[in-house]
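Participant: Before anything else, here's the structure in question.
The values are calculated or read from the model by the stated rules, or taken from the named source; none is laboratory data. The model shown is predicted, which means the values in this text are computed figures rather than measured ones. Here the Cβ positions follow ideal geometry from the backbone for every residue, glycine too, while neighbour counts run over all protein chains shown.
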Amino acid sequence: MIAAIAGDIIGSVHERASLKRTTFTLFKRNSSFTDDTVLTAAVADSLLGGVGYEESIRTWARRYPRRGYGGMFRKWMKKDDAPPYNSFGNGSAMRVSPVGFAFHRRQQVLDAAAESAAVTHNHPEGIKGAQAVALAIFLARKGSDKATIRSEIQRCFRYDLKRSVDQIRPRYRFDVTCQGSVPEAIIAFLDSDDVESALRLAISLGGDADTQACIAGGIAQAFYAAIPEAIITEVEARLTPDILAVVRAFETRYDVTYERI
């Protein structure tokens, strides 16, 4: 979860910048968390406290109302009884990483990912994107190798994961749909050597940088179980006390362990 948040913060200054390289300063003065982090915390808090996903997501979004939400989501968050709006945007995938860490059985992960998505993103592609990311995290933390993760996500969700970041990058453009950004973010993880390189590769696509790095970071944390101390320190310094408290409580409750390197 902390590496997913790192991806959001690091990517925040590169969204729409069409960065096409992996060499860049990880943290800048204005690097800050966005809606990806807020809603990831909301999903984690729901799992911690037994509050439904809808209530938790709306509560946290209202607590941080100016963090870059999409237009349809902003309308939804303001109205207590707003229904889901059939979105296939990648908002369902950016917030789902806690689900991949919280459950011990595959079907539980898939069901919870669908439930967390459907409160807003009830389009089949919106649900599919969340399930794919959560399942990748689940498989990674359970010890699956990259070949298995690749083949399982392809088999279950029909995403094309046979490409590489180098092949995708030249023609890739900003895309906030699940189907147009989630497979590429997963590939950034598959091409990586560690958490930092996963974040750099995701951002180097030149697309929805914060969200794609958030997705790649969550999977990379589960797979490598090691995060650079310098990244953790920078992330924690940029989080508000309530978000940081949720991260730490979630790690404790669900035994999310990783080496600080």
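Participant: Only residues that are buried (at least 22 other Cβ atoms within 10 Å of the Cβ), farther than 18 Å from Leu139 by Cβ and small (Gly, Ala, Ser): list them for the stretch 189-204, please.
Facilitator: Matches in the stretch 189-204: Ala202, Ser204.
Participant: Let me ask you something else. Having 3 or more residues that are crowded, with 22+ Cβ neighbours inside 10 Å and in contact (Cβ under 8 Å) with a residue 12 or more places away in the chain is the bar; report the helices (runs of 4 or more DSSP H) wholly within the stretch 47-101 that clear it.
Facilitator: Result: 53-63, 91-94.
Participant: Another question about this same structure. Looking at the stretch 59-74, which of its residues are of a type in the set (D, E, K, R) and in contact with a Phe, Trp or Tyr (Cβ under 8 Å, 6 or more places away or on another chain)? First the steps, then the outcome.
Facilitator: Within the stretch 59-74, the first condition is being of a type in the set (D, E, K, R), and the residues that meet it are 62-63, 66-67, 74.
Hit for the stretch 59-74 is Arg67, nothing else.
Participant: Now, a different point. Contact list please: Cβ distance under 7 Å, first residue in the stretch 247-261 and closer than 15 Å to Ile5 by Cα and among the hydrophobic types (A, V, I, L, M, F, W, C), second residue in a loop (DSSP other than H, G, I, E, B) and at pLDDT 95 or above, pairs at least six apart or on different chains.
Facilitator: Phe250/Val256
Participant: If you don't mind, another one. Being β-branched (Val, Ile, Thr) and farther than 24 Å from Gln179 by Cα narrows it down to one residue among Val51, Val99; which is it?
Facilitator: So the residue among Val51, Val99 that is β-branched (Val, Ile, Thr) and farther than 24 Å from Gln179 by Cα is Val51.
Participant: Might you check whether a residue that is in contact with a helix residue (DSSP H, G or I) (Cβ under 6 Å, 6 or more places away or on another chain), in a helix (DSSP H, G or I) and more than 18 Å from Glu15 (Cα to Cα) occurs anywhere in the stretch 208-217? Give the derivation first.
Facilitator: From the stretch 208-217, those in contact with a helix residue (DSSP H, G or I) (Cβ under 6 Å, 6 or more places away or on another chain) are 208-217; that's our starting set.
Subset that is in a helix (DSSP H, G or I): 209-217.
Adding the requirement that they be more than 18 Å from Glu15 (Cα to Cα) leaves none.
Checked against the condition, which is being in contact with a helix residue (DSSP H, G or I) (Cβ under 6 Å, 6 or more places away or on another chain), in a helix (DSSP H, G or I) and more than 18 Å from Glu15 (Cα to Cα), the stretch 208-217 yields no hits at all.
Participant: Would you pick out the residues in the stretch 112-134 that are crowded, with 23+ Cβ neighbours inside 10 Å and over 10 Å from Tyr53 (Cβ atoms)?
Facilitator: Across the stretch 112-134, the qualifying residues are Ala113, His121, Gly126, Lys128, Gly129, Ala130, Gln131, Ala132, Val133, Ala134.
Participant: How about the stretch 239-257: which of its residues are crowded, with 18+ Cβ neighbours inside 10 Å and under 21 Å from Phe27 (Cβ atoms)?
Facilitator: Leu239, Ile243, Val247, listed by residue number.
Participant: Which ones in the stretch 3-15 are surrounded by 24 or more Cβ atoms within 10 Å (Cβ to Cβ), β-branched (Val, Ile, Thr) and more than 10 Å from Ser97 (Cβ to Cβ)?
Facilitator: Ile9, Ile10
Participant: Can you tell me which of (1) under 25 Å from Phe88 (Cβ atoms); (2) surrounded by fewer than 24 Cβ atoms within 10 Å (Cβ to Cβ) is the one Arg260 doesn't meet?
Facilitator: (1) is the only condition that Arg260 fails.
Participant: Would you say Asp208 is in contact (Cβ under 8 Å) with a residue 24 or more places away in the chain, closer than 29 Å to Pro124 by Cβ and of a type in the set (Asp, Glu)?
Facilitator: It is true that Asp208 is in contact (Cβ under 8 Å) with a residue 24 or more places away in the chain, closer than 29 Å to Pro124 by Cβ and of a type in the set (Asp, Glu).
Participant: Something else now. Please indicate, with yes or no, whether at least one residue in the stretch 161-176 is aromatic (Phe, Trp, Tyr), buried (at least 24 other Cβ atoms within 10 Å of the Cβ), farther than 29 Å from Asp80 by Cβ and in contact (Cβ under 8 Å) with a residue 40 or more places away in the chain.
Facilitator: For the stretch 161-176, residues aromatic (Phe, Trp, Tyr), buried (at least 24 other Cβ atoms within 10 Å of the Cβ), farther than 29 Å from Asp80 by Cβ and in contact (Cβ under 8 Å) with a residue 40 or more places away in the chain: absent.
Participant: Is it the case that some residue within the stretch 171-186 is closer than 22 Å to Asp36 by Cα, more than 17 Å from the chain's Cα centre (by Cα) and of a type outside the set (S, T, N, Q)?
Facilitator: Yes, the stretch 171-186 contains a residue that is closer than 22 Å to Asp36 by Cα, more than 17 Å from the chain's Cα centre (by Cα) and of a type outside the set (S, T, N, Q).
Participant: So which residues in the stretch 104-147 are in contact (Cβ under 8 Å) with a residue 40 or more places away in the chain, of a type outside the set (A, V, I, L, M) and closer than 14 Å to Ile219 by Cα, if there are any at all?
Facilitator: Gly129, Phe138, Arg141, Lys146 - these are the residues of the stretch 104-147 that are in contact (Cβ under 8 Å) with a residue 40 or more places away in the chain, of a type outside the set (A, V, I, L, M) and closer than 14 Å to Ile219 by Cα.
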